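Novice: One structure follows; several queries about it will come next.
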Amino acid sequence: MKEHKCVHLSPQCVSPNLWLDSIKIEDVYLFDELGTIEAAWQLQLDKFGPFLVDIDCNGNNYFEKIDKVVEKNLSKVYKSLDIPEDFEYTKLY
């Protein structure tokens, strides 16, 4: 993000179906290094959003910051909910 001065956005609470009239595909670029199922899409957007900037052009990552706050407070939450500190999540995959 720093190198190209760009941002990464995450959609916020909006059904993608509401965006259909807001998106026009300008071009699709296929790059061998991205693999056979990856492509870069150039889109023309109109009245599109809302979005959260989750990685800004300085490389700050919103979700990494949230993860640190959660990790810092996890033991307090476990204690308040009477969850053992050695609790392990069940993996579904």
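Novice: For segment 40-72, name all the residues that are hydrophobic (A, V, I, L, M, F, W, C), within 25 Å of Glu3 (Cα to Cα) and either in contact (Cβ under 8 Å) with a residue 60 or more places away in the chain or touching a helix residue (DSSP H, G or I) at 6+ places or on another chain (Cβ under 9 Å) (or both).
Specialist: Ala40, Leu45, Leu52, Val53, Ile55
Novice: Could you grab me the full set of residues in segment 42-93 that are more than 17 Å from the chain's Cα centre (by Cα), over 20 Å from Gln12 (Cα atoms) and basic (Lys, Arg)?
Specialist: Lys72, Lys76, Lys79, Lys91
Novice: Does segment 32-67 hold any residues that are in a loop (DSSP other than H, G, I, E, B) and among the acidic types (Asp, Glu), and which are they?
Specialist: Residues satisfying the conditions are Glu38, Asp46, Asp56.
Novice: On to the next question. Tally time: how many residues in segment 17-39 are hydroxyl-bearing (Ser, Thr, Tyr) and either touching a strand residue (DSSP E or B) at 6+ places or on another chain (Cβ under 9 Å) or surrounded by 10 or more Cβ atoms within 10 Å (Cβ to Cβ) (or both)?
Specialist: 2
Novice: Listed residues Asp82, Asp86; which is surrounded by fewer than 10 Cβ atoms within 10 Å (Cβ to Cβ), on the phi > 0 side of the Ramachandran plot and of a type in the set (Asp, Glu)?
Specialist: Only one candidate qualifies: Asp82.
Throughout, read-outs are computed from the coordinates displayed, never taken from laboratory work. Note that the structure is a prediction, hence the values are computed from the model and not measured. Note: ideal-geometry Cβ built from the backbone for every residue, glycine included; neighbour counts use all protein chains shown.
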